[in-house]
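Engineer: I am attaching a structure below and will ask some questions about it afterwards.
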Amino acid sequence: QVQLVESGGGLVQAGGSLRLSCAASGTILRVNTMGWYRQAPGKQRELVAVITRGGSTNYADYVKGRFTISRDNAKNTVYLQMNSLKPEDTAVYYCNANLISLGQYSPHDYWGRGTQVTVSS
C-alpha cells in the first residue's frame, strides 16, 4: 500500500516563507513525476509545480519566481519552497506522485491528504 504524507503547512504573514514536504512510502518500485497542486475554497484544484525524476520542472505562472520545487529520489520525497507568499496563495496544498508499486504493471497517480497553507495580509 502506498501513502503520500505532506507536512510543513501553516499560517504565515504575507511576504513570508514556508517549506512543504511530501514523502511517498510503501512498496514502491519507481517514482516518476511528482508535483504539488492546490485548492482554495470554492475553486477547482490547480497545478502549482511538477518535477520529473530527472529534475525537469514546470511551474504555474502565478508562482514562477517565488516557489521552488525539488526532490530527493533516494527518499521518494518532494519539496516545495514557497517565498514571498501572498494572501491569494491560501489553499490546501496536495502532493501528487506518479509511481509504480509492487504488483503493478503500469504507473498510477497517488494523492496526499493535503496540508493547509494560510497567508494573512
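The values are calculated or read from the model by the stated rules, or taken from the named source; none is laboratory data. Since this is a predicted model, take the numbers as computed values, not measurements. Cβ coordinates were reconstructed from backbone atoms using ideal geometry, including for glycine residues, and neighbour counts include every protein chain displayed. Protein only, heavy atoms only, side chains kept; ligands, DNA and RNA dropped before computing areas. Shrake-Rupley method; radii C 1.70, N 1.55, O 1.52, S 1.80 Å.
Engineer: Looking only at region 1-13, count how many residues are within 12 Å of Val117 (Cα to Cα) and exposed (fewer than 14 other Cβ atoms within 10 Å of the Cβ).
Structural biologist: 4
Engineer: Are any residues in region 17-44 of a type in the set (Lys, Arg) and open to solvent by 30 Å² or more (accessible area, probe 1.4 Å), and if so, which ones?
Structural biologist: Arg19, Arg30, Lys43
Engineer: Residue pairs, Cβ under 9 Å, 6 or more apart or interchain, first in region 1-25 and without any contact (Cβ under 8 Å) to a residue 60 or more places away in the chain and more than 19 Å from His108 (Cα to Cα), second open to solvent by 30 Å² or more (accessible area, probe 1.4 Å) and among the hydrophobic types (A, V, I, L, M, F, W, C). List them.
Structural biologist: Here the result reads Ser21/Val5, each pair linking region 1-25 to a residue that is open to solvent by 30 Å² or more (accessible area, probe 1.4 Å) and among the hydrophobic types (A, V, I, L, M, F, W, C).
Engineer: Given the criteria closer than 15 Å to Glu6 by Cβ, open to solvent by 50 Å² or more (accessible area, probe 1.4 Å), outside any loop (DSSP other than H, G, I, E, B) and without any contact (Cβ under 8 Å) to a residue 60 or more places away in the chain, does Tyr62 qualify?
Structural biologist: no
Engineer: Between a first residue in region 109-121 that is farther than 19 Å from Thr77 by Cα and a second residue that is surrounded by fewer than 14 Cβ atoms within 10 Å (Cβ to Cβ) and of a type in the set (Asp, Glu), which pairs have beta carbons less than 9 Å apart while being 6 or more apart in sequence or on different chains?
Structural biologist: Note: pairs meeting the criteria are Val119/Glu88.
Engineer: Next question, about the same structure. With respect to Ala74, determine if the residue is loosely packed, with under 13 Cβ neighbours inside 10 Å and either of a type in the set (A, V, I, L, M) or in contact (Cβ under 8 Å) with a residue 12 or more places away in the chain (or both).
Structural biologist: yes
Engineer: Scan Tyr93, Tyr105 and give me the residue that is open to solvent by 60 Å² or more (accessible area, probe 1.4 Å) and either of a type in the set (Ser, Thr, Tyr) or under 10 Å from the mean Cα position of the chain (by Cα) (or both).
Structural biologist: Only one candidate passes the filter, namely Tyr105.
Engineer: Looking only at residues in region 45-56 that are more than 16 Å from Tyr79 (Cβ to Cβ) and not acidic (Asp, Glu), which one is least open to solvent (accessible area, probe 1.4 Å)?
Structural biologist: Leu47
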